[in-house]
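To start, the structure under review is shown below, and the notes come after it.
The values are calculated or read from the model by the stated rules, or taken from the named source; none is laboratory data. All values derive from a computational prediction rather than experimental measurement. For neighbour counting, all protein chains shown are included, and Cβ atoms are generated from backbone atoms with ideal geometry for every residue, glycine included.
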């Protein structure tokens, strides 16, 4: 069975991310591609790691948190420790997001009430014309 290899441009195109982003993750040690002459060769494992990094970023995890999760995955072949850690971190992140949603809902309500008060005040001052 042949092992799939990707160039940086193939990987960036496949995952819709810039080569610069991939190089940045490499500089941080999140990715460690093989080198052949001066060319990076990314393996299927690198592709999966990059997908996990991108998903983690999309879900709001810091690169440090993502590194910790990836390190656990590498250290525990059974994946039990990683799954427990990801579940714990996911629950904490979900609680953060739910708090942000509550805060945003409160802001939305306050802005709607403010808009209504300002429109009413404007109507009083302009004799019913609510146009700014």
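If I filter region 115-126 for residues that are modelled with pLDDT of 90 or more, in a helix (DSSP H, G or I), outside the structural domain of residue 12 (by TED's automatic domain parsing) and within 25 Å of the chain's Cα centre (by Cα), do I get at least one hit?
No; the residues of region 115-126 include none that is modelled with pLDDT of 90 or more, in a helix (DSSP H, G or I), outside the structural domain of residue 12 (by TED's automatic domain parsing) and within 25 Å of the chain's Cα centre (by Cα).
Take region 50-79 and flag every residue that is within 19 Å of residue 4 (Cβ to Cβ) and out of contact with any strand residue (DSSP E or B) (no Cβ under 9 Å at 6 or more places or on another chain). Lay out the reasoning, then the answer.
Step one: filter region 50-79 for residues within 19 Å of residue 4 (Cβ to Cβ), giving 50-54.
Passing the criteria: 51, 52, 53, 54.
The conditions are (1) without any contact (Cβ under 8 Å) to a residue 40 or more places away in the chain; (2) under 25 Å from residue 15 (Cα atoms); (3) not assigned by TED's automatic domain parsing to the domain that holds residue 11, and residue 97 fails exactly one of them. Which is it?
Going through the list (1) without any contact (Cβ under 8 Å) to a residue 40 or more places away in the chain; (2) under 25 Å from residue 15 (Cα atoms); (3) not assigned by TED's automatic domain parsing to the domain that holds residue 11, residue 97 breaks only (2).
Could you run through region 1-22 and say how many residues are closer than 16 Å to residue 57 by Cβ and surrounded by fewer than 15 Cβ atoms within 10 Å (Cβ to Cβ)?
3
Across region 40-69, what is the total count of residues that are in contact (Cβ under 8 Å) with a residue 24 or more places away in the chain and either within 26 Å of residue 92 (Cα to Cα) or loosely packed, with under 11 Cβ neighbours inside 10 Å (or both)?
Residues of region 40-69 that are in contact (Cβ under 8 Å) with a residue 24 or more places away in the chain, as a first pass: 40-44, 46-47, 50-51, 53-54, 59-61, 63, 65-67.
The next check asks that each one be either within 26 Å of residue 92 (Cα to Cα) or loosely packed, with under 11 Cβ neighbours inside 10 Å (or both); those that pass are 50-51, 53-54, 59-61, 63, 65-67.
So the answer is 11.
Does residue 72 satisfy the condition of being loosely packed, with under 14 Cβ neighbours inside 10 Å and not assigned by TED's automatic domain parsing to the domain that holds residue 16? Please lay out each step first, then the result.
Numbers: loosely packed, with under 14 Cβ neighbours inside 10 Å: no; not assigned by TED's automatic domain parsing to the domain that holds residue 16: yes.
In short, no.
If the requirement is being at pLDDT 90 or above and assigned to a strand (DSSP E or B), which of these qualifies: 24, 42?
Numbers: 24 fails: assigned to a strand (DSSP E or B).
Of the residues listed, the single one that is at pLDDT 90 or above and assigned to a strand (DSSP E or B) is 42.
Looking at region 8-31, which of its residues are in contact with a strand residue (DSSP E or B) (Cβ under 7 Å, 6 or more places away or on another chain) and over 14 Å from residue 54 (Cβ atoms)?
Within region 8-31, just 8 meets the criteria.
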